Structures are given as C-alpha cells and as structure tokens.
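Input: a single structure, listed below in structure tokens.
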Amino acid sequence: MTMSEPALEPRPARGLTRGWCPGVLDPMETGDGWLLRIRVPGGLVTSSALASVAALAGEFGSGIVDITSRANLQIRGVAAHRLDLATAAAVEAGLAGADPGREAFRAVVANPLTGHDQAAACDSRPVVAALVARLVDGIAGNAPSKFGIVVDDCGSWPLDGLDADVALRATRDGSWQICVRGTRAPIGSTDDPVGSAVAATQWCVDEQIRMDQLVTITGIATVAARLAASTAHVTRAATPPLVAGRILGMVPHAHAQRVNVVAAPFLGRVTHQVLIALAGLAATHAADLRLTPDHSFAFCGLPSSAAQQLMTELGDLGLVVDRDDPKAAISACVGSAGCWWAHADTGIAAAELVATDSTPGGVHLSACAKQCGAPSGVRQLVADESGTFR
C-alpha cells in the first residue's frame, strides 16, 4: 500500500559519488578496480566464510579486504574482465544471494558481541535472523539507496552513532523501542520488533524514500501507527555502559570463565593471507567470530586461559589489540590507493601520524572533501587539492 498524497520525488540515479551502497552483484568501479561488498548481517561470520572471502580476494582481487563501518567486507581491485567470474564465485560460495535487490535487505547491523555480552538486555541473534529472512523473502520491491536497520541489544557495544532508518533497542522487560531516522527519541515500543521493522521497510520501498523523509511528510504519529508502535507506554531501553575510546583487547563475557577478544587491522584493511590466518585462529580456538562496526574482529566465547595466547597471535599478524596503541587512534578513507577523487595517500599519512604518536583523542583522514567513512567524535583532517591535510 502506498500513500496517495503528497507526490514524492523518485530517488536520484546511482553514480560514481558518495550516496549508494554496492554489493556483490551490483559492484562499484573504484580507483583500484572493481569493489565487491559482501554483506554480513549482524556481523555474524563463520571462519569458513571468512576463508572463502580471503580466497576470492586472492584469486580475483588485489588481495586487499576492507572491514566497513557497518560490519561488512569489501573485496578490492577486481579486474573488469574477471568481474563476472568473481561475482559468480561469491554466490556459489554462499556469500551472497543471486538477486542484488534481495541482497540489499541484508543490511542489518547488531552488537557484534551479542550472545556473549554480560551487559546486553538479550541475545539479539534470533531477531537478526528472523528479520533478515522476512526482509529478503517477503519485501516486494527494491530498497532505497543506503537503507539500513540496527538491532541493538543495548549491550557494551555502542550503536547509537550508526545511521539507520529503523533502530530496534531492547528493554529489560522483553519489549523493544522503535527509533527511526530523523528523530531523537523513540516513537514507541513493540513486542514484535521484526514485524515493525518489516512494515517500515515495505513503506520505504513503496515510496522509494528513507524514513526521515516519511517522518517529515506524514508526521511522527502516523509513522508510529503504521509501525504498530505503542506510544501509550514507551518502555525504557536498557542503559548500555559508557565506553571511552575503542573497544580492543579482552572484553568481559557473559560467563566468568570465558572472555571476548577484539582486534583491529590498521585502517580496517587486511591482506587475504592475514584473513586466512584469522579464520584459522578462530577455528583453532573454537571462537565465535564476528565483524564489528569499528572495522575490527571479535573472537567471542574464548576460554579465559587462552585469551593471552590469542592476543599474542593477533599482534604477530599486525592487528591492534591495545587501545593505547597509536594505530588504534587513526582511521581513514581508502585514499589515492583506491579512489579517483582522492588528493592524497591516506595510508602513508596515517603511518606518518603513527610514527609521531600525535593523535590524542583520535583522528580521521579524509583524502577529499566528501569525507567518506568519517566517524563522529574525532578530529577530522581533510586533504586539499595539493594533498595537504588540514
């Protein structure tokens, strides 16, 4: 069902600019070849899937893989004449579906520690799984560009800063708050988070606009009613603990004899060889492997006695496991190594910053004025046309 009025503008066409999200069957041409983004709903990835991504990156791409700010993986540097082979291999490996329109509905982000987090109000994995299944199989039409959903168990991993058309936030009594893009406060509560998120998605698909535009056009009350959000009694969400700085190293587990370990590759980039090694470590330690929205890997449910060994092994692979490491304070866009629009090599600039250890509070390097991937709350350095960061 669509609104009969007012008339809504169609979404703009995709192009080589910030504003749309590639996938496996709808890849993006970049400065270092074609990019395939593999969506990983909730960041839940198996060691075998990670090894498959590594194999594809080594065979078809440049060998470089990114972890994105929405806990997905990007294979870089695929040559145009091998693009069809690469996409077919990704689908055959079970890393993506055969329909790019259906794939877009897998853009769901969750606490990467869910099910292993002592602070969480619940284990959000069943909600993520049910939601993705309903979206992929039940939505009629294509998602608006950059549409996404956050499922927040209100645990120790902060998700408030992520852009989402719908954010579901768990409460201690089992209900879920509904938050939508363009509003600060919850619009209501629901005992059916999957149904509410599906209703929101179908509405945005019907109108081909995002939730903030629907809020502007129809008003909060209409949106709440359409999503079956109870405004009579908005249950307070669980209060997540305050987190200062990046989450790295050992993180408390829900069970006293276990622990979670988080490690980040510098600038969120790994080689396919390192990716294969990480998959092997997860399998060896029988850890539940996750991707995080902070460009890192989480090894969950590890016996406490094995944590230090794993951290040493991760450090030997070049990953950051200490939040006081200067490399932990720096993030960057891909820069001239992989973008036509870039004015500077962010990798070189980031290495120079590490050498000077001059990044108190964190810094993000953007190689042009678009500031792709820039997180909030850190100092921004943007390259001008001369390649100078200011």
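Evaluation of Asp345 against the conditions (1) within 23 Å of the chain's Cα centre (by Cα); (2) not assigned by TED's automatic domain parsing to the domain that holds Asp32 shows that the sole unmet condition is (1). Residues that are over 20 Å from the mean Cα position of the chain (by Cα) and outside any loop (DSSP other than H, G, I, E, B) were ranked within segment 317-334; the one that is surrounded by the most Cβ atoms within 10 Å (Cβ to Cβ) is Lys327.
Would you mind listing the strands (runs of 3 or more DSSP E) fully within segment 234-316 where at least 3 residues are closer than 26 Å to Ile64 by Cβ and touching a residue at least 12 places away in the same chain (Cβ under 8 Å)?
In segment 234-316, 258-263, 269-271, 288-291, 297-303 are the strands (runs of 3 or more DSSP E) which contain 3 or more residues that are closer than 26 Å to Ile64 by Cβ and touching a residue at least 12 places away in the same chain (Cβ under 8 Å).
Residue pairs whose Cβ atoms lie under 8 Å apart, separated by 6 or more positions or on different chains, with the first residue in segment 214-232 and modelled with pLDDT of 95 or more and the second among the acidic types (Asp, Glu) and not in a loop (DSSP other than H, G, I, E, B), are Leu214/Glu207. Restricting Asp84, Asp117, Asp160, Asp123 to residues that are more than 25 Å from His295 (Cβ to Cβ) and out of contact with any Lys or Arg (no Cβ under 8 Å at 6 or more places or on another chain) narrows the list to Asp84. Screening Pro144 with (1) of a type outside the set (Ser, Thr, Tyr); (2) closer than 30 Å to His255 by Cβ; (3) not assigned by TED's automatic domain parsing to the domain that holds Val24 gives one miss only, at (2).
Take the conditions (1) touching an Asp or Glu at 6+ places or on another chain (Cβ under 7 Å); (2) assigned to a strand (DSSP E or B); Val109 misses just one of them, which is (1).
Condition check: within 26 Å of Pro375 (Cβ to Cβ), touching a strand residue (DSSP E or B) at 6+ places or on another chain (Cβ under 6 Å), buried (at least 16 other Cβ atoms within 10 Å of the Cβ) and of a type in the set (A, V, I, L, M). Does Leu73 satisfy that? Spelling it out, Leu73 is indeed within 26 Å of Pro375 (Cβ to Cβ), touching a strand residue (DSSP E or B) at 6+ places or on another chain (Cβ under 6 Å), buried (at least 16 other Cβ atoms within 10 Å of the Cβ) and of a type in the set (A, V, I, L, M).
Of all residues in segment 40-63, those being among the aliphatic types (A, V, I, L, M) and under 17 Å from Gly97 (Cβ atoms) number 6.
If you go through segment 168-190 and keep only what is in contact (Cβ under 8 Å) with a residue 24 or more places away in the chain and among the small types (Gly, Ala, Ser), you end up with Ala170, Gly174, Ser175, Gly182, Gly188, Ser189. Meeting the requirement of 3 or more residues that are more than 14 Å from the chain's Cα centre (by Cα), the strands (runs of 3 or more DSSP E) wholly within segment 137-182 are 166-170, 176-180. I'm trying to understand the selection: among the residues of segment 354-366, which are of a type in the set (A, V, I, L, M) and surrounded by 15 or more Cβ atoms within 10 Å (Cβ to Cβ)? Across segment 354-366, the qualifying residues are Val354, Val363, Leu365.
Contact annotation: residue pairs with Cβ atoms under 9 Å, 6 or more positions apart or on different chains, pairing a residue in segment 191-210 that is within 13 Å of Leu131 (Cβ to Cβ) with a partner that is of a type in the set (D, E, K, R) and not in a loop (DSSP other than H, G, I, E, B), are Val194/Arg134; Gly195/Arg134; Ala197/Arg134; Val198/Arg134; Ala199/Arg226; Ala200/Arg226; Thr201/Arg134. Write out, first by first residue and then by second, each pair whose Cβ atoms fall under 7 Å of each other, whose residues are 6+ apart or on separate chains, and whose first residue, in segment 367-383, is crowded, with 18+ Cβ neighbours inside 10 Å while the second is part of a strand (DSSP E or B) and aromatic (Phe, Trp, Tyr). Once the first residue is crowded, with 18+ Cβ neighbours inside 10 Å and sits in segment 367-383, its partners that are part of a strand (DSSP E or B) and aromatic (Phe, Trp, Tyr) give Leu381/Phe389; Val382/Phe389; Ala383/Phe389. Residue count for segment 112-136 under the criterion of being in contact with a helix residue (DSSP H, G or I) (Cβ under 9 Å, 6 or more places away or on another chain) and part of a loop (DSSP other than H, G, I, E, B): the result is 4.
Of the listed requirements (1) crowded, with 23+ Cβ neighbours inside 10 Å; (2) in contact with a Pro (Cβ under 6 Å, 6 or more places away or on another chain), Ser156 misses just one: (1).
The values are calculated or read from the model by the stated rules, or taken from the named source; none is laboratory data. The structure displayed is predicted, hence computed values, not measured ones. Counting neighbours? That spans all protein chains shown, and the Cβs are built from the backbone with ideal geometry, glycine included.
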